[in-house]
Amino acid sequence: MKRVLVAGLVHETHTFLAESTGLARFAELVWLHGQEMLDHCRDDLSPMGGAIEVADACQWQLYPSRYGGAMPSGTVEDEVLATWWGEVERDLDAALRAGLDGVLLILHGAMVCRSFADAEGEVLRRVRAKVGPDIPIAADLDLHANFSEEMALLGTIFTGYRENPHTDARQAGVRAAQLLERVMQSGEKAQVVCVKPGALYAPSGTGTAAEPMLSFEAKARALEEQHPQLLEVCVLPGFAYADIECAGFTVVATTVGDKEQARQLLAPLAAEALERVQEGNPLDPPVEEALEKALQYKEGPIGLIEPSDNIGGGTPGDGTGILAAFLRYEVDNAAVIINDPEAATACHSAGVGDRLVLEMGGKVDRLHGSTLSLEVQVENLTDGRFDLENPNSHLASLVGRHVDMGRSAVVRHKGIIILLTTLKTPPMDLGQLRSQGIVPEDLYMVGIKAAVSHKAAYDPILKASFYVDTPGLGSSDVRRFEFRHLQRPIAPLD
């Protein structure tokens, strides 16, 4: 029976946001320890759930430590890492006294703390210093991980999501645990290599059902098949909104063979990522231009996709760009979601059927559109909780099955339906609308604050979709951002 400590810390950090992310944000989503974590995650569809399934099948003696995760947002406060590590270090000490065989970590790969730009590298440094050079450390990563050389030196095994939207997050956790079982049982020496081509991909260019990621993933699978010593090849286009040295595209391999040979095998794929960098950075047209084309359709639903306020990329979700455009063009039977705790609370203080004037959106900063003052009628009030309609939803990678948007309200202004939430929630599952009494299939238009993560949910029902450029820090044009720490040169900036 192998003894394995499991823990996790998951956050995608947008360093250009003024807000910071403290412990309260993690407590809103996932902050579990010990048996509570096992009970919560066992049989769910998160990466941790997949890892626990393998652990049970392999009859590991598990040492469950702290598992934390928060919605993408601004730079993480140091107290989060300090609190997490305090518990993990204590649990590691206990496991080491019992005879620890391995460590399994559920990570993201693009977390930035106030004092640690490469937060996952710092996590791995602390764990490696505690367990020594010989105990294998396996970790699963989001496809948007900003992978560093330090991570490669300190980790033993890395697996990554292969789908964007992330419908395969659980499978990445399964593979991480399976590969850890393999090296613990066989005694093979697994090592990690990475190649960084010097390319920055915007989130809207990282969908795996489209080029160039479709080809990159196919070539990664071919490398694994043709070279069995490569246990896993991860294609990580990275997270562009992190101004840190290691941000950008990385190809990573876990190998039980020669490291230099593995590096040579990865080189052509990395070179192609650089050659195709323009495909990875599609630019969005102005919302007015896209809306005029959308209005030519007589039937819906028509999706207006808004990467500039991509909640899954960390933005506040209170952008008003699409709502303002719907108002200007007097669109009828349209819906938008605005994260605005103040407005949601005001509706709950009123009641269903009441009319009131609400100040909505544009409150977190002045970068995501102006606050709009509208007279609305309250149509529905809920606690904001819902279960995923699609158990493989992108959201499952974070929450498992159950989602909490906080107290929510549905209001109407003329022909526009507005869902107001207390906790920002990315549009990754149609249950978000349906649970609030909004039937997405019956809409003419819907504003979607996403870049790619919405596609599994919305593409099957949309008659057409249009990407739009609105105010916000999720812009697909990475040249708008003032990078100060990113390793240069890097395309398409240079």
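A short reminder: the numbers here are calculations on the coordinates, not readings from a lab. All figures in this text were calculated on a predicted structure; none of them were measured in a lab. A quick note on method: Cβ atoms are made from the backbone with ideal geometry, for glycine too, and the neighbour counts reach across all protein chains shown.
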* What is the pair-distance distribution P(r) of region 287-477, computed from all Cα-Cα distances in 5 Å bins starting at 0, with each bin given as a whole percent? -> 1, 9, 18, 22, 23, 17, 8, 2, 0
* **Förster radius 22 Å - calculated FRET efficiency between M1 and D93 (Cβ-Cβ, nearest 0.05)** => 0.65
* Of the listed pairs K293/K463; K196/K424; K196/K259; K424/K463, which have alpha-carbon separations greater than 21 Å here? => K196/K424; K424/K463
* **Size of charge dipole - region 347-391 - debye, nearest 20, with Cβ of Lys, Arg +1 and Asp, Glu -1, no other charges** => 200
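With 17 Å as the cut-off, how large is the P(r) tail for region 1-142, expressed as percent of Cα-Cα pairs? Each step should come with its number before you reach the end.
On the way: 5713 of 10011 pairs.
Here the long-distance tail beyond 17 Å is 57 percent of all Cα pairs in region 1-142.
Run the numbers for D78 and Q296: contour at 0.36 nm per residue of separation, minus the present Cα-Cα distance, in nm.
Values: separation 218, 0.36 × 218 = 78.48 nm, distance 5.05 nm.
Once the chain is fully extended between D78 and Q296, it gains 73.4 nm.
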* M48, M445 arranged by Cβ crowding within 10 Å, fewest neighbours leading -> M445, M48
* Nearby aspartates and glutamates by direct alpha-carbon distance to K189 (threshold 20 angstrom, same-chain neighbours under 8 apart not counted) -> D101, D134, D140, E149, E150, E181, E224, E225, E232, D258, E260
* **q = 0.16, 0.20, 0.21, 0.24 Å⁻¹: log10 I(q)/I(0) that the Debye formula gives for region 231-330, counting C-alpha atoms only** => -0.87, -1.08, -1.14, -1.30
* Of the options A267, W31, S453, report the single residue whose Cα projects farthest towards the positive end of the charge dipole of the chain (beta-carbon charges: Lys, Arg +1; Asp, Glu -1). => A267
* How far is it, in nm, from the label point at E359 to the one at Q261 when both lie 7 Å from their Cα along the line to the Cβ? -> 6.7
* Asked: What value, in deg cm²/dmol to 500, does the helix sum -39500 (n - 2.57) over DSSP H runs of n ≥ 4 give at 222 nm once divided by the residues of the chain?
  -> -9000 deg cm²/dmol
* DSSP loop GluC sites (Glu not before Pro) in region 225-325 with at most 10 other Cβ atoms within 10 Å of their Cβ, which ones? -> E299
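Treating only the Cβ of Lys, Arg, Asp and Glu as charged (+1, +1, -1, -1), what charge dipole size does the chain show about its Cα centre? Round to the nearest 20 debye. List each step's numbers first, then the result.
Working: 43 positive and 70 negative charges, 99 e Å.
Using Cβ point charges on Lys, Arg, Asp and Glu, the chain gives about 480 debye.
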* Structure fact -> Length-normalised contact order of the chain, Cα under 8 Å, at least 6 apart, in percent, tallies to 17
* **Under 5 Å, built H, 5+ apart or other chain: amide partners of Y467** => I305
* Asked: If eta is 1.306 mPa s and T is 10 °C, what Stokes-Einstein diffusion coefficient results for the chain, Kirkwood Rh from Cα pairs, in µm²/s?
  -> 69
